[in-house]
Structures are given as C-alpha cells and as structure tokens.
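Beneath this line is the structure, given in structure tokens, with notes to follow.
Every number here is computed from the coordinates shown, using simple stated rules; none is lab data. All figures in this text were calculated on a predicted structure; none of them were measured in a lab. Using ideal geometry, Cβ is built from the backbone for each residue, glycine included, and neighbour counts are taken over all protein chains shown.
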Amino acid sequence: MKKQIGVIFGSRSCEREVSIISAVQMMRHANPEKYDVIPVYIDEKGQWYTGNALKDIRSYEPFQPDSNGIIKVFPDLTSGSGALLTVKKGSGLIAKDRIEIVARIDVYVIVMHGMNGEDGTLQGLFELANIPYTSTGVSGSAIGMDKIMMKQFFRGANLPTLPGEWFTRKEFEQDSKSVIAKVGKNLGYPVFVKPANLGSSIGVSCATDEEELQDSLELAFEYDRRVLVEKGLIKPIELNCSVVGYDGDLEASPIEMPIQHDEFLDFRDKYLAGGGSKGMASLNRLLPAPIEEELKNEIQELSKTIFRLMDCKGVVRIDYMFDRESEKIYITEINTIPGSLAFYLWENAGMKYEKLIDRMIECAELSHADKNRSNYAYTSDILKNVSFGTKGSKGTKGTKLG
Ligand SMILES: Nc1ncnc2c1ncn2[C@@H]1O[C@H](COP(=O)(O)OP(=O)(O)O)[C@@H](O)[C@H]1O
Ligand SMILES: [Mg+2]
C-alpha cells in the first residue's frame with residue numbers, strides 16, 4: 001500500500017502565503033507511485049482543511065472553504081492514530097452529527113514557515129500524537145525560530161555570530177532613550193533590527209543613526225514583543241547552505257550566493273523576483289557560489305555542526321554573511337523549514353526534488369522509530385506506598401513527596 005503523506009501548510013503566520021507556494025510546489029514533486037498526498041491546509045483563523053483542490057495554487061486566490069470538495073477536518077491526537085476526522089452534519093429526524101475518518105496519515109510533511117508551524121508548536125502536537133513528521137524536533141525548532149535565543153545558543157557553542165542586544169516592547173515603551181543609548185554604546189551603527197520570531201525579512205530594517213533606530217524599533221515591535229538589534233555589516237556577501245539527514249548521517253549542499261536588490265534581502269527579493277510563483281526557488285542567485293574551496297568547506301562543516309547541535313532532522317538551510325572587511329564568516333540564522341524546502345540547492349547537487357522528499361520522509365520515520373525505542377514504560381511501586389491520610393487526620397503516612 002502507498003504511504004499516506006499529510007502535507008501540512010499555511011497556518012496563522014505572516015509567512016502563510018510563502019508556505020502555500022512551498023507546499024504546492026512540494027506536492028507536485030512527491031512520487032505518486034510511493035505516496036498518496038493528502039493536503040492539510042490551516043487557514044489564518046487556525047481552521048484545518050483537506051481536499052484535492054488544495055494541491056492547486058488557484059484555490060487560494062481567494063481561498064473558498066466548503067467548495068471544490070474542500071472540507072473542514074481536525075486531527076485525532078490519540079497516540080499513534082494519525083486519523084484526520086471530519087464532522088458530518090446529521091439529517092433526518094434524529095439529526096445527530098457524526099464524526100468520520102477522512103484519512104489516516106502515516107507521515108506528516110510540515111511545509112510551514114514562521115510562527116505556529118516552524119517554531120516547535122506543530123512539532124509538539126505531532127510528538128504528543130506520536131506521528132512521524134518531517135522537520136526538526138520541538139526544542140531545535142523553537143530555538144531556530146527565536147533570533148534572540150538562537151544567538152545565545154550559537155554564542156554558547158562558540159560559533160561565529162555578530163554582537164547583539166535585545167529588548168522587550170515594555171522596556172522600549174517605558175524608556176526608549178535608554179534602549180537607544182545602550183545600542184549606541186555597545187554596538188554602534190549601522191545596526192539591523194529584527195523581530196525575534198519572524199522570518200522572510202518581515203519587520204527587519206537597517207538603522208544608521210539614533211533617529212532611524214527609533215523608527216526601526218517601532219516597526220519591529222509592531223510584529224513582536226521581543227526584538228533583536230544586531231551589529232550591521234556593510235554589504236556583506238550572503239552565502240546559504242542546506243543540510244539534509246538525521247543523527248550523524250548528514251550531507252551538506254552546494255552553497256548559493258543570493259543577489260540582493262537593495263541594501264539587504266527583503267521580502268521582495270526573496271519571493272517576488274521572477275513573478276513570485278516559485279517562492280525561494282526564484283530568487284536571483286549564483287549557484288554554486290563563486291567562492292574558494294576553503295571557504296566552501298568551512299561553511300559546509302559549520303552547517304553540519306549546527307545541524308547536529310540543534311538535533312535537526314530532514315532538510316534545513318543555514319544562512320551566513322561574509323564580512324568583506326574582516327574576511328570573516330558569521331551565521332545569520334538557521335531556517336529549520338527553508339523556503340521551497342531548499343530543493344533547488346539539492347537539484348544543483350544532482351538530487352531530484354522527488355528524492356529529497358523520499359529522504360525527508362525516511363528521516364521522519366527513522367526518528368519516530370528511535371523515539372519509540374526509548375523506554376517510556378519504566379515503572380516502580382511508588383504508587384503503592386503513597387498515602388495522603390484521611391480527611392481530618394494530620395500528616396501524611398508512607399512516601400513523602402519532594
Ligand atoms: N547584521 C546584519 N548586517 C547586514 N545585513 C544583515 C544583517 N542581518 C540581516 N541582514 C540582512 O537582512 C536579511 C534578513 O535577515 P535575517 O536575520 O535572515 O531575517 P529573516 O529571518 O527575516 O530572513 C538578511 O538576509 C541580510 O540580507
Ligand atoms: Mg533570513
């Protein structure tokens with residue numbers, strides 16, 4: 001029997017539209033001889049849908065639920081079930097609603113970017129439901145999504161990252177002068193200001209003086225409660241590398257050099273070049289990047305190290321900036337679910353998208369099997385000896401807790 005692959009995408013995130021592009025692209029490349037592809041779209045309200053029409057990009061402009069066979073569904077979270085359920089309205093005299101199973105998912109392919117999907121939340125749901133899924137686990141996804149924690153993590157591992165400061169909205173609202181003074185003192189200018197939990201350059205801007213910093217902070221705080229301010233590099237060379245695998249069996253991709261429009265790679269550069277229909281795959285880039293062998297090797301090794309440290313799984317993309325002045329490489333960020341699933345980098349290495357999908361699904365299954373090999377059945381007889389006493393009596397007999 002073919003594997004039932006649930007491709008889950010969309011979600012309550014600023015990057016929902018980018019996710020739709022990545023997912024539709026992916027569904028067209030999954031091997032139909034191996035898999036039944038079941039689209040699962042979460043809309044901006046958090047409602048889940050399935051239906052074959054969701055494989056067509058035209059179903060989203062505008063999205064019309066309850067048409068073309070698109071139906072509302074919800075997941076059965078019972079461990080190991082994988083069932084996707086729907087409520088059928090009752091008819092006739094008794095008119096009781098019924099719950100029906102629409103599909104049983106063997107593996108979920110998560111094609112979400114940003115909050116409520118790439119950040120560990122959905123990963124946590126699938127861990128709880130004990131269903132294999134293709135992306136980094138809960139903690140790696142969460143750290144990878146939060147630019148402030150990510151920086152602390154890389155620093156702790158002695159990996160090259162730019163100096164930064166971070167602030168909360170409350171701090172900024174109560175005393176913006178101190179915030180701005182701290183940046184001036186500890187970082188200088190220019191700086192890059194970024195909402196902690198966004199992606200696709202949304203809310204990111206560059207500030208070259210105090211006045212601009214005020215505007216940049218206001219913008220970033222519109223999107224998030226916590227904001228990272230990072231020392232800015234002048235026209236750095238951006239270099240990205242993808243890694244695929246699981247638990248030590250890793251491969252690093254060729255390196256791409258995205259070509260920017262303006263001062264930095266904004267949403268427009270990333271997704272609107274070439275008409276925008278291909279997501280990250282249509283970005284202007286040099287691939288492979290025209291860099292020296294030594295730098296290429298350094299980036300590939302660094303990428304594998306990061307992948308291992310964050311216990312990643314499936315396919316990720318790690319972005320770097322090469323500073324022309326110091327000739328040093330810095331990590332910009334990790335994308336645990338990269339745009340277009342970074343398939344174009346793997347195609348450049350001679351791996352077809354179809355094979356990349358096979359590999360991701362294989363990693364999901366391996367990790368799921370590993371998880372279920374661990375012992376969750378450890379029992380003792382401590383419960384037998386617990387007594388909380390009877391009502392009114394003083395103290396607790398037997399085992400004391402604490
Ligand atoms: N410290 C920096 N110095 C110079 N350019 C930067 C810096 N940080 C980010 N950029 C530019 O901004 C873009 C977006 O930043 P990034 O941290 O990758 O956020 P996002 O998650 O939104 O992609 C980068 O690709 C790069 O072009
Ligand atoms: Mg980025």
On a full-extension model of 0.36 nm per residue, what is the gain between SER178 and THR78, subtracting their alpha-carbon distance, rounded to one decimal in nm? 31.0 nm
Near LEU84, within a Cβ-to-Cβ distance under 13 Å, what is the net charge of the other residues, with Lys and Arg +1 and Asp and Glu -1? -2
Between ILE71 and LYS352, take the C-beta separation as r, use R0 = 51 Å, and let me know the FRET efficiency to the nearest 0.05. 0.95
Would you tally the net charge around MET360, using a Cβ to Cβ cut-off of less than 12 Å, leaving MET360 out, and scoring K and R as +1, D and E as -1? -1
Just to compare against my own numbers: the Cα pair-distance distribution for the chain, 20 Å bins, whole % per bin, please. 25, 50, 21, 3
Of the peptides 79-87, 55-63, how do they stack up when ordered by the mean number of other Cβ atoms within 10 Å, highest first? 79-87, 55-63
Just to verify a number: FRET efficiency for ARG104 and GLU61, C-beta to C-beta distance, R0 = 25 Å, to 0.05? 0.20
Distance in nm between LYS170 and SER374 label points, each 7 Å along Cα→Cβ, equals 3.3
Neighbouring Cβ atoms within 10 Å as the yardstick, rank ASP119, ASP106 fewest first. ASP106, ASP119
Stokes-Einstein diffusion coefficient of the range 1-53, Kirkwood radius over Cα pairs, 4 °C, 1.567 mPa s, in µm²/s: 113
Evaluate E = 1/(1 + (r/R0)^6) for LYS3 and LEU250, where r is the Cβ-Cβ distance and R0 equals 22 Å; express this FRET efficiency to the nearest 0.05. 0.40
Stretched fully, the stretch from TYR189 through GLU365 gains (0.36 nm per residue minus C-alpha distance, one decimal, in nm) 58.6 nm
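Would you tally the net charge around ILE291, using a Cβ to Cβ cut-off of less than 11 Å, leaving ILE291 out, and scoring K and R as +1, D and E as -1?
Details: positive: LYS296; negative: GLU256, GLU292, GLU293, GLU294, GLU298.
Every neighbour counted, the sum reads -4.
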Can you bin the range 236-366 into rounded, prolate or oblate? Criterion: square roots of the alpha carbon gyration tensor eigenvalues sorted a ≥ b ≥ c, rounded for a/c under 1.5, prolate for a/b above b/c, oblate for the rest. oblate
Using the Kirkwood radius over C-alpha pairs as Rh, can you work out the diffusion coefficient of the range 163-231 via Stokes-Einstein at 4 °C, viscosity 1.567 mPa s, in µm² per second? 114
Any chance you could tell me what percent of the C-alpha pair distances in the range 3-133 go past 24 Å? 27
